[in-house]
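> Before I ask anything, here is the structure I am working with.
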Amino acid sequence: RVVGPPAPPRPAELEVVLPPTTTLVDLRGTVEVTVRNTGGTLAPDTRLTIDLPGGLAVDTDQPLPDGCTAAPQGTNMTVTCDVGGLAPGAAVTRSVAVVTAGSGPDGKVVTAVVTSGTTTATATSTVAMVGRGGMAGPVAV
């Protein structure tokens with residue numbers, strides 16, 4: 001029986017996970033994003049970009065995760081996190097504290113995009129606000 005060389009490992013494959021709803025309580029909340037490499041090789045220079053819709057801003061009272069920066073992009077705000085190399089099967093989570101700004105973000109969408117080389121994955125989460133005193137629905141800011 002002739003045995004050939006082993007099959008090469010699967011290339012890096014990225015997955016980004018956001019909860020379906022990002023809930024803000026009393027005008028504050030956390031956007032939590034998990035990035036996974038489900039492929040068979042290292043995902044080098046992995047970068048996570050979180051686009052916060054108009055009406056949602058980074059909470060400057062809380063530090064950003066290591067390797068992350070925030071910058072305004074028109075009416076939105078973008079958080080960029082350099083994850084570095086992500087090994088096969090590895091996962092990292094980045095949590096960004098947020099607050100409402102302006103007219104509020106209720107019903108708007110947070111988008112997270114992860115890239116490494118030519119590999120890209122995207123996820124979205126709809127913002128839901130719960131007002132002071134536990135009343136559901138939009139909150140005037």
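> Between PRO72, PRO20, PRO105, PRO6, which is over 27 Å from VAL127 (Cα atoms) and at pLDDT below 95?
On the way: PRO72 fails: over 27 Å from VAL127 (Cα atoms); PRO20 fails: over 27 Å from VAL127 (Cα atoms); PRO105 fails: over 27 Å from VAL127 (Cα atoms).
Of the residues listed, the single one that is over 27 Å from VAL127 (Cα atoms) and at pLDDT below 95 is PRO6.
Quick grid of which residues meet (1) touching a helix residue (DSSP H, G or I) at 6+ places or on another chain (Cβ under 6 Å); (2) assigned to a loop (DSSP other than H, G, I, E, B); (3) touching a residue at least 12 places away in the same chain (Cβ under 8 Å); (4) among the polar types (S, T, N, Q):
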residue: PRO19; (1), (2), (3), (4): no, yes, yes, no
residue: ARG36; (1), (2), (3), (4): no, no, yes, no
residue: LEU64; (1), (2), (3), (4): no, yes, yes, no
residue: ALA71; (1), (2), (3), (4): no, no, no, no
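> Just one of THR21, THR34 is surrounded by fewer than 18 Cβ atoms within 10 Å (Cβ to Cβ) and of a type outside the set (Asp, Glu); which is it?
Values: THR34 fails: surrounded by fewer than 18 Cβ atoms within 10 Å (Cβ to Cβ).
Being surrounded by fewer than 18 Cβ atoms within 10 Å (Cβ to Cβ) and of a type outside the set (Asp, Glu) holds for just one of THR21, THR34, which is THR21.
> When you scan segment 3-17, how many residues do you find that are assigned to a loop (DSSP other than H, G, I, E, B) and either surrounded by 20 or more Cβ atoms within 10 Å (Cβ to Cβ) or within 14 Å of the chain's Cα centre (by Cα) (or both)?
Qualifying residue count, segment 3-17: 1.
> Next up: Can you name every residue in segment 84-110 that is open to solvent by less than 40 Å² (accessible area, probe 1.4 Å), in contact (Cβ under 8 Å) with a residue 60 or more places away in the chain and in a strand (DSSP E or B)?
LEU86, VAL96, ALA97, VAL98, VAL99, THR100, VAL110
> Could you tell me whether segment 49-59 includes any residue that is more than 13 Å from the chain's Cα centre (by Cα) and open to solvent by 40 Å² or more (accessible area, probe 1.4 Å)?
No, the conditions are met nowhere in segment 49-59.
> Take segment 60-83 and flag every residue that is of a type in the set (A, V, I, L, M, F, W, C) and surrounded by 13 or more Cβ atoms within 10 Å (Cβ to Cβ).
First, pick out the residues of segment 60-83 that are of a type in the set (A, V, I, L, M, F, W, C): 64, 68, 70-71, 77, 79, 81, 83.
Result: LEU64, CYS68, ALA70, MET77, VAL79, CYS81, VAL83.
The values are calculated or read from the model by the stated rules, or taken from the named source; none is laboratory data. Computed from a prediction, not measured in an experiment: that's the story for all the values here. Positions of Cβ are generated from backbone atoms using ideal geometry, with glycine treated the same way; all protein chains shown enter the neighbour counts. Remember, those area values only see protein heavy atoms, side chains included, never the ligands or the DNA or RNA. Shrake-Rupley method; radii C 1.70, N 1.55, O 1.52, S 1.80 Å.
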